[in-house]
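J.: Take a look at the following structure, please.
The values are calculated or read from the model by the stated rules, or taken from the named source; none is laboratory data. These numbers were taken from a predicted model, which means no experiment stands behind them. All Cβ positions, glycine included, derive from the backbone under ideal geometry; neighbour counts span all protein chains shown. To get the accessible areas, we keep the full protein, side chains included, count just its heavy atoms, and leave off ligands, DNA and RNA. Shrake-Rupley method; radii C 1.70, N 1.55, O 1.52, S 1.80 Å.
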Amino acid sequence: MADVTQNRTGQVSRKTNETAVSVSVNIDGTGASKISTGVGFFDHMLDQLSRHSLIDMDIKAEGDLHVDDHHTVEDTGIAIGQAIARALGDRRGITRYASIDLAMDETMTRAAVDVSGRPFLVWNVAFTSPKIGTFDTELVREFFQALAQHAGITLHVQNIYGANNHHIAETCFKSVARVLRTATEIDPRQAGRVPSTKGTLA
Ligand SMILES: [Mn+2]
């Protein structure tokens, strides 16, 4: 059996001339979060990411929001990804793969993940508006690119249909949350093995 008593937690503090970001995650959490990035819509999305992945997240970001939200969103994605990678360790015993078609009102978004150690993002999501309130919709991709790169996951996200841009963004976060939950969960039938014929995912 995988040692499920082992703490799957990760902490990252990252400071540049543009941002200071601190992230703590617990993979085996309950979806409890404390999030403050200074970007209201982004906080709302990260709350969904934690709630529906059941990964506890403590996120504090202070960025150069006088420029725009870009650095803060990207660097928060980097730090969350790094914290998840640390928490996963050698990825022993995990389910590894998951996918979902996630519905929200008129919108349907599909996400698939391989918690492979190999970073890759396939992004097939088109927004019909450049902004949701004051938030730049193109930053949704930037966030997931940073997350996939630094968590070491292969992530595919496709918006199948949808009209409301808030819903399109939110289904991206919720669908990724759900596949992260499933793919990072301990599969008892793996019996603590690394789920790869290579013998390594780290
Ligand atoms: Mn919402």
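J.: How far apart, in nm, are the 7 Å Cα→Cβ label points at Arg86 and Ala20?
T.: 1.7 nm
J.: Obtain the nm distance between the two label points defined at Glu138 and Asp105 by a simple spin-label model: each point lies 7 Å from its Cα along the Cα-to-C-beta direction.
T.: Distance between label points: 2.6 nm.
J.: In deg cm²/dmol, rounded to 500, what helix-only [θ] at 222 nm does the chain give when every DSSP H run of at least 4 residues adds -39500 (n - 2.57) and the total is split over its residues?
T.: -11000 deg cm²/dmol
J.: Which aspartates and glutamates have a Cα less than 15 Å from the Cα of Lys60, not counting those fewer than 8 places away in the same chain?
T.: Once the sequence-local aspartates and glutamates are set aside, what remains near Lys60 is Glu18, Asp43, Asp47, Asp69, Glu74, Asp75.
J.: Hey, what did the range 34-135 get for relative contact order, percent, Cα under 8 Å, at least 6 apart? The partial results should precede the final answer.
T.: On the way: 68 pairs, mean separation 20.1, N = 102.
Computed over the range 34-135, the figure is 20 percent.
J.: Using modelled amide H (1.01 Å from N, peptide plane; none on Pro or chain starts), what sits under 5 Å from the amide H of Leu121, excluding residues fewer than 5 places away?
T.: Amide H neighbours of Leu121: Leu155.
J.: While we're looking at this one, here's another question. Can you tell me the convex hull volume per residue for the chain, based on C-alpha atoms, in Å³ to the nearest whole number?
T.: Expressed per residue, the convex hull around the Cα atoms of the chain is 103 Å³.
J.: Whole-Hz Karplus ³J(HN,Hα) for the range 179-189, in order, using 6.51 cos²θ - 1.76 cosθ + 1.60 and θ = phi - 60°, x for Gly and Pro?
T.: 6, 5, 4, 5, 6, 8, 5, 6, 9, x, 6
J.: As a test question: what accessible area, to the nearest 10 Å², does Leu139 have when a 1.4 Å probe is rolled over all protein chains in place?
T.: About 0 Å², ignoring ligands and nucleic acids.
J.: Please find, in a Gaussian network model of the chain (springs between Cα atoms separated by less than 10 Å), the residue of Gly133, Gly63, Gly40 whose mean-square fluctuation is greatest.
T.: So, out of Gly133, Gly63, Gly40, the one fluctuating most is Gly133.
J.: In a shell of Cβ-Cβ distance under 13 Å around Ser33, excluding Ser33 itself, what net charge do Lys and Arg (+1) and Asp and Glu (-1) give?
T.: Neighbourhood net charge equals -1.
J.: Further question: Report the rotationally averaged projected area of the range 126-202 based on its alpha-carbon convex hull, in square nanometres.
T.: Details: hull surface 25.4 nm².
Result: a mean projected hull area of 6.4 nm².
J.: Take every Cα pair under 8 Å in the range 9-190 that's 6+ residues apart, average their separations, divide by the length, and report that relative contact order as a whole percent.
T.: Working: 440 pairs, mean separation 48.7, N = 182.
Reported relative contact order: 27 percent.
J.: Next up: With θ set to phi - 60° and the Karplus curve 6.51 cos²θ - 1.76 cosθ + 1.60, what are the ³J(HN,Hα) couplings of the range 163-168 in order, to the nearest whole Hz, using x for Gly and Pro?
T.: Karplus values, whole Hz, x for Gly and Pro: 10, 8, 5, 4, 5, 4.
J.: Given the peptides 171-178, 10-17, arrange them by the average over their residues of other C-beta atoms within 10 Å, most packed first.
T.: Highest-to-lowest ranking by the protection proxy: 171-178, 10-17.
J.: For a Förster distance of 22 Å, can you work out the FRET efficiency between the beta-carbons of Thr200 and Ser13, rounded to the nearest 0.05?
T.: Values: r = 27 Å, r/R0 = 1.25.
Given R0 = 22 Å and the Cβ-Cβ separation, E is 0.20.
J.: Counting Lys and Arg as +1 and Asp and Glu as -1, what is the net charge of the other residues whose Cβ lies under 10 Å from the Cβ of Leu201? Can you show the working numbers first?
T.: Values: positive: Arg91, Arg92, Arg96, Arg118, Lys198; negative: Asp90, Asp114.
Charge balance near Leu201 sits at +3.
J.: Please give the peptides 142-153, 188-199, 74-85, 118-129 ranked by average Cβ packing (other Cβ atoms within 10 Å per residue), highest first, as a rough proxy for protection.
T.: In descending order of packing, they fall as 74-85, 142-153, 118-129, 188-199.
J.: Residue-wise, which Karplus ³J(HN,Hα) couplings in Hz belong to the range 141-152, taking 6.51 cos²θ - 1.76 cosθ + 1.60, θ = phi - 60°, and x for glycine or proline?
T.: Using θ = phi - 60°, the values come out as 4, 4, 4, 6, 4, 5, 4, 4, 4, 8, 7, x Hz.
J.: Within 14 Å, Cβ to Cβ, of Thr137, how many net charges do the neighbouring residues add up to if Lys/Arg are +1 and Asp/Glu are -1?
T.: -4
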